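Data first, discussion second: the structure below is written as structure tokens.
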Amino acid sequence: MVLVHGAMMAFVWLIAVPGAILLSMYARKKKKPWGPKVHMLIMASAAFIPYTVSAILAFTVAGQIKPKPHSSIGTVLSLGLWCQVTLGVVNHLVFRYRLKNNCLPDKRPWNNHVHIWFGSLLAILALVNIPLGMRIKRAPMSLFIGYAAWVTLLAGAYLYLTWMKEETAQTPIEHKTHPEEMIKIDETK
């Protein structure tokens with residue numbers, strides 16, 4: 001049971017959550033409309049459901065909340081994940097309301113920043129908690145090395161996407177025959 005818990009949590013925090021975050025960041029930088037939907041789909045199906053099942057499994061096996069670092073951080077992550085899901089749903093509902101009423105802000109609203117920073121905090125806590133769980137089960141050193149290499153790769157991808165420039169919308173070139181009909185010409189191409 002404990003190995004199932006570890007495998008599910010490793011999948012959630014090392015594959016599903018980083019995948020959802022990195023795809024959303026990429027889509028935002030490249031001005032792709034599918035980013036938020038893919039993020040919500042991955043988080044709902046590949047992260048939230050397995051995480052909840054695994055957390056219930058861990059609490060059932062343990063029988064109680066133990067005052068040890070791995071258990072304490074896991075409990076904080078469980079509560080935090082539910083808060084994060086609530087923040088994400090509220091953000092989505094606020095966005096849809098603003099879109100419907102044509103009052104989208106120019107910049108990212110404060111509630112989006114809270115969702116992003118709180119999610120980053122949870123991801124860092126999870127990355128700290130995974131090796132604590134591996135230590136409890138006395139995992140071989142090769143697993144720790146693989147974990148460190150994977151986290152380094154994820155951190156590199158995150159930093160790359162953070163510093164990647166956003167694509168700007170190009171103004172279209174309009175070919176007109178009379179000068180008075182010319183509106184805009186984009187000469188950067």
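Annotations
- Test: residue in region 14-24 that is part of a helix (DSSP H, G or I), of a type outside the set (Ser, Thr, Tyr), closer than 17 Å to residue 92 by Cβ and in contact (Cβ under 8 Å) with a residue 60 or more places away in the chain: yes
- Listed by first and then second residue, the pairs with beta-carbon distance under 8 Å, at least 6 apart or on different chains, first residue in region 79-104 and more than 17 Å from residue 36 (Cα to Cα), second at pLDDT 90 or above, are 80/118; 80/121; 80/122; 80/125; 81/51; 81/122; 83/118.
- Scanning region 15-65 for residues that are of a type in the set (Lys, Arg) and under 20 Å from residue 127 (Cα atoms) gives no hits.
The rows are residues; the columns are (1) exposed (fewer than 15 other Cβ atoms within 10 Å of the Cβ); (2) at negative phi; (3) in contact with a Cys (Cβ under 9 Å, 6 or more places away or on another chain); (4) outside any helix (DSSP H, G or I).
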position: 50; (1), (2), (3), (4): no, yes, no, no
position: 64; (1), (2), (3), (4): yes, yes, no, yes
position: 77; (1), (2), (3), (4): no, yes, no, no
position: 85; (1), (2), (3), (4): no, yes, no, no
position: 111; (1), (2), (3), (4): yes, yes, no, no
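The values are calculated or read from the model by the stated rules, or taken from the named source; none is laboratory data. Model, not experiment: these values are computed from the prediction. Don't worry about glycine lacking a Cβ; one is built from the backbone with ideal geometry, like all the others, and counts go over all protein chains shown.
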